[in-house]
Amino acid sequence: MTVNFEALRAANIARQQEWPGNDKADAAFRALEVADEVGEVMGAVKKWLRAQRDIAGTTLTLDDVADEIGDALISLDLFVNELGLGRITPLHLSLSRQFPTPAKLALEAFADAGELVDAYLALDAAPSDRTKQHHHDRIRDAVTGLAYCIGRLAKLFGIDPNAAVVAKFNKTSEKYEMATRMDVQACNFRTKHVYDACTTCGVDDVKDCMTETPAALKGETNGETCDP
């Protein structure tokens, strides 16, 4: 469950060549885009939690969360490419023994996006090459942290982040009548639960764990752990 950032970069570059107005999308616009898309991930998680907790208001499904995760990772790659920082480095995704919650991971992603924006603004105002290098390094760290956090969130939900990226990329291309497509891989958004069996909620089926027994994902574990 990792993202093929090499394929994503190639697809992003190809599509931007046919995207009207792409020449006007500078680094500041790309940073704004990342912040916006990460905010939409948070909104999707919030509305998914509403459905799980029977809270009145607009609700969303895991497919909607996957859609926003795909958008966030696509926009993050566009930002990194605009700054000429190379490709995002895939990291091994793991969940700590302390079972995280969707809300906390979404908030961590928001914090990482904030650090990325702050580092970009500092880079833009840096008075010297040495200072610029420092903020370039900050941006690289923030990008790595944000990609990792979004990946962990996807893993918690049983979402394949690469499938989410491919599906969202092709959905957007179709919507705006762009020719560029990513290769569709035979995989589902929702895969097996990240644990063979969760010792807190006591189930091994992702649907059961996330709907019929939602306590662990609602942050109601009270410090208990889920062992892989």
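The values are calculated or read from the model by the stated rules, or taken from the named source; none is laboratory data. From a predicted model like this one, the values you see are computed outputs, not experimental measurements. Ideal geometry is used to build each Cβ from the backbone, glycine not excepted, and the neighbour counts take in all protein chains shown.
Looking at the stretch 18-42, which of its residues are among the acidic types (Asp, Glu) and in a helix (DSSP H, G or I)? Scanning the stretch 18-42 gives GLU18, ASP23, GLU33, ASP36, GLU37, GLU40. No other residue among ILE55, ILE88 is assigned to a loop (DSSP other than H, G, I, E, B) and over 30 Å from ARG181 (Cα atoms) apart from ILE55. From the residues in the stretch 72-102 that are touching a helix residue (DSSP H, G or I) at 6+ places or on another chain (Cβ under 6 Å), surrounded by fewer than 23 Cβ atoms within 10 Å (Cβ to Cβ) and under 17 Å from GLY43 (Cβ atoms), which one is modelled with the lowest pLDDT? In this case the residue turns out to be PRO102.
Condition check: surrounded by fewer than 18 Cβ atoms within 10 Å (Cβ to Cβ), in contact (Cβ under 8 Å) with a residue 24 or more places away in the chain and either touching an Asp or Glu at 6+ places or on another chain (Cβ under 8 Å) or more than 19 Å from LEU107 (Cβ to Cβ) (or both). Does ALA56 satisfy that? It is false that ALA56 is surrounded by fewer than 18 Cβ atoms within 10 Å (Cβ to Cβ), in contact (Cβ under 8 Å) with a residue 24 or more places away in the chain and either touching an Asp or Glu at 6+ places or on another chain (Cβ under 8 Å) or more than 19 Å from LEU107 (Cβ to Cβ) (or both).
So GLN17 fits all but one of (1) within 20 Å of the chain's Cα centre (by Cα); (2) surrounded by fewer than 19 Cβ atoms within 10 Å (Cβ to Cβ); (3) of a type in the set (S, T, N, Q); (4) under 27 Å from PRO90 (Cβ atoms); what number is the exception? It is condition (1) that GLN17 fails. Looking at the stretch 117-133, can you tell me whether even one residue there is in the same structural domain as SER75 (by TED's automatic domain parsing), surrounded by fewer than 18 Cβ atoms within 10 Å (Cβ to Cβ), closer than 21 Å to LYS155 by Cα and modelled with pLDDT of 90 or more? Among the residues of the stretch 117-133, not one is in the same structural domain as SER75 (by TED's automatic domain parsing), surrounded by fewer than 18 Cβ atoms within 10 Å (Cβ to Cβ), closer than 21 Å to LYS155 by Cα and modelled with pLDDT of 90 or more, which makes the answer no. Checking each residue in the stretch 59-72 for being touching a residue at least 40 places away in the same chain (Cβ under 8 Å) and over 24 Å from LEU32 (Cα atoms) picks out LEU62, ASP63.
Being farther than 15 Å from ILE69 by Cβ, modelled with pLDDT under 50 and in the same structural domain as ALA66 (by TED's automatic domain parsing): is that true of ALA216 here? No; evaluated as a whole, the condition is false for this residue. Looking for something exposed (fewer than 13 other Cβ atoms within 10 Å of the Cβ) and without any contact (Cβ under 8 Å) to a residue 24 or more places away in the chain - is there at least one such residue anywhere in the stretch 41-48? No, the conditions are met nowhere in the stretch 41-48.
Considering only the stretch 151-209, state which residues are among the charged types (D, E, K, R), more than 17 Å from GLU6 (Cα to Cα) and at pLDDT 50 or above. Result: ARG152, LYS155, LYS171, GLU174, LYS175, GLU177.
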